[in-house]
Amino acid sequence: MNILVTGGAGFIGSNFVRWMKKHAPEHRIVNVDALTYAGNLESLRDIPQDEGYRFLRADIRDRAKMNEIFITYDITHVVNFAAESHVDRSIVDPELFLSTNVLGTQSLLDTAKQYWKLMPEDKYSREFREGVRFLQVSTDEVYGALGRDGLFTETSPLAPNSPYSAAKASADLVCRAYYETFGLPLNITRCSNNYGPYQFPEKLIPLMIHNCMEGKSLPVYGDGMQIRDWLYVDDHCSALYAVLTRGLPGEVYNIGGNNERANLDIVRLIIRTLGAKEDLIRYVKDRPGHDRRYAIDNTKITTSLGWAPSIPFEEGIAQTIAWYQNNHEWLEHVLSGAYADYYDRMYAPSFESAD
Ligand code: NAD
Ligand code: DAU
């Protein structure tokens, strides 16, 4: 396979590139990333550029560039991670999320469709090169929020509540349309919350680890009883590879860890592990439209593709905390510059100069 990985300098994308190098090194990877604040080449430092791996800085919305990359590297598979991914930022700048997450995805779909089509001039032809596949990395947030009970299945209605999740849901629907109308061989995966090394410290787990290590306040939104289903990032990577190689065209697959935790329990676990004090916790104003609970039914992928999560939360979170303790340099690098301004704007009014 000649795989175009987009957003491969971000959290999950860089872990996916590393996972592929370890578990399926026979495939060639072209990693395309615009290097926004969330993309860091530091996260790929251990991956040498060679015949099997190339990094290119480009924007997925740049159609001419995407077309050139497909031709130059004879791309046969796409794994589309590239996105604006942080809910809080989507509340401040929804337009950027719609542009990147929806139009960026559509630009890639069009490029793949034209390049893979056996008769590109025939607009009604649904025949594509043998074995090609487009994988859209989506999220469980497209389903909206759950109450106390129930799980999201692949047929749950889409009911996104944030500009981020609305943009991801829109991209899912565009993918669906390209399958139904054009027959483009594709899959959509909808995964729950990932955690692990190289996650940008604006997200709950790395933010709490970093602040704990620095003795800074721990901003918990609302009552802290919101629930997420946490999955170690390597388990997400193995699920994506299973779908990419064995998923049935047109199918959606949920991916989840069967691991529901309240935010406050996670924050307390991090405090205990790092030997910090609970009085660092600050209850701050809640996120507008904050989804109360997510939980995934992953029966479809476990029964049809034989995938299952393999890393227990206690083990994964211990490894993750240790990784952040041992990678100060990475943290300092990604935290420099623009992120510092974002952090101040986002949290300073709640802390009232406590830090
Ligand atoms: P991330 O923010 O860490 O990484 C996103 C990457 O995309 C960055 O490297 C960024 O530079 C790049 N990018 C942004 N705009 C781009 C553009 N226009 N062109 C090219 N590159 C661009 O995100 P993540 O947490 O690694 O998430 C990756 C994908 O997985 C996203 O699509 C997200 O919606 C999805 N997802 C994330 C989670 C999670 O818990 N983090 C769970 C389920 C699904
Ligand atoms: O469910 C999958 C989604 O998980 C992905 O699609 C998103 O890209 C990813 O960012 C993540 O979204 P969340 O909003 O669930 O993740 P976040 O880490 O931002 O927040 C997790 C929970 O922690 C959420 O209930 C909000 C809360 N939180 C978050 C931050 C940053 C806090 O209480 N305090 C904080 O400072």
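Just a yes or no: is a residue in region 197-209 at positive phi and either crowded, with 21+ Cβ neighbours inside 10 Å or not in a loop (DSSP other than H, G, I, E, B) (or both)?
yes
Of all residues in region 210-230, which are under 28 Å from GLU329 (Cα atoms) and open to solvent by 20 Å² or more (accessible area, probe 1.4 Å)?
Selection gives HIS210, MET213, GLU214, GLY215, LYS216.
Among residues belonging to region 119-146 that are among the hydrophobic types (A, V, I, L, M, F, W, C) and more than 30 Å from ALA262 (Cβ to Cβ), point out the one that is most open to solvent (accessible area, probe 1.4 Å).
MET119
Of the residues that sit in region 11-49 and are within 20 Å of GLN106 (Cα to Cα) and not β-branched (Val, Ile, Thr), which one is farthest from ligand 1 (Cβ to nearest atom)?
Per the stated criteria, the residue is ASN31.
Does LEU56 satisfy the condition of being open to solvent by 20 Å² or more (accessible area, probe 1.4 Å), in contact with a strand residue (DSSP E or B) (Cβ under 6 Å, 6 or more places away or on another chain) and more than 16 Å from ligand 2 (Cβ to nearest atom)?
yes
Go through (1) within 16 Å of ligand 1 (Cβ to nearest atom); (2) of a type outside the set (Asp, Glu); (3) crowded, with 18+ Cβ neighbours inside 10 Å; (4) part of a helix (DSSP H, G or I) one by one and return the number of the condition TRP323 breaks.
The one condition TRP323 does not meet is (3).
Is at least one residue of region 224-245 at positive phi and either under 18 Å from the mean Cα position of the chain (by Cα) or aliphatic (A, V, I, L, M) (or both)?
No, region 224-245 contains no residue that is at positive phi and either under 18 Å from the mean Cα position of the chain (by Cα) or aliphatic (A, V, I, L, M) (or both).
Mind checking which residues of region 1-43 are farther than 20 Å from SER138 by Cα and either buried (at least 24 other Cβ atoms within 10 Å of the Cβ) or among the acidic types (Asp, Glu) (or both)?
The answer is GLU26, ILE29, GLU42, SER43.
If a residue has to be closer than 18 Å to ASN258 by Cα and either open to solvent by less than 10 Å² (accessible area, probe 1.4 Å) or within 15 Å of ligand 1 (Cβ to nearest atom) (or both) to count, how many in region 147-171 make the cut?
Going through region 147-171 one residue at a time, the tally reaches 2.
Could you grab me the full set of residues in region 223-250 that are over 30 Å from HIS290 (Cβ atoms) and among the hydrophobic types (A, V, I, L, M, F, W, C)? Working first, answer last.
Step one: of region 223-250, the residues over 30 Å from HIS290 (Cβ atoms) are 238, 241-242, 244-250.
Selection gives ALA242, LEU244, LEU248.
When the residues of region 296-308 are narrowed to those that are of a type in the set (A, V, I, L, M, F, W, C), outside any strand (DSSP E or B) and within 16 Å of ligand 1 (Cβ to nearest atom), which ends up most open to solvent (accessible area, probe 1.4 Å)?
TRP307
Specify which of the listed residues (VAL79, VAL102) is under 22 Å from the mean Cα position of the chain (by Cα) and part of a helix (DSSP H, G or I).
Only one candidate passes the filter, namely VAL102.
Each row is one residue, and each column tells you yes or no for (1) within 16 Å of ligand 1 (Cβ to nearest atom); (2) surrounded by fewer than 16 Cβ atoms within 10 Å (Cβ to Cβ); (3) within 22 Å of MET225 (Cα to Cα).
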residue: ASN254; (1), (2), (3): yes, no, no
residue: ASN258; (1), (2), (3): yes, no, yes
residue: VAL267; (1), (2), (3): no, no, yes
residue: ALA276; (1), (2), (3): no, no, yes
residue: ASP286; (1), (2), (3): no, yes, yes
residue: TYR294; (1), (2), (3): yes, no, yes
residue: SER310; (1), (2), (3): no, yes, no
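Inside region 77-118, can you point out the residues that are open to solvent by less than 20 Å² (accessible area, probe 1.4 Å), more than 16 Å from ligand 1 (Cβ to nearest atom) and over 17 Å from THR6 (Cα atoms)?
Correct list: TRP116, LYS117.
When you scan region 105-154, how many residues do you find that are part of a helix (DSSP H, G or I) and either within 16 Å of ligand 2 (Cβ to nearest atom) or among the basic types (Lys, Arg) (or both)?
Kept after step one, since they are part of a helix (DSSP H, G or I), are these residues of region 105-154: 105-116, 140-143.
If we keep only those that are either within 16 Å of ligand 2 (Cβ to nearest atom) or among the basic types (Lys, Arg) (or both) as well, we get 105, 113, 140-143.
Total meeting the criteria: 6.
The values are calculated or read from the model by the stated rules, or taken from the named source; none is laboratory data. All values derive from a computational prediction rather than experimental measurement. Neighbour counts are summed over all protein chains in view; Cβ atoms, including those assigned to glycine, are modelled from backbone coordinates with ideal geometry. When the accessible area is computed, the model is the full protein with side chains, heavy atoms only, and any ligands, DNA or RNA have been set aside. Shrake-Rupley method; radii C 1.70, N 1.55, O 1.52, S 1.80 Å.
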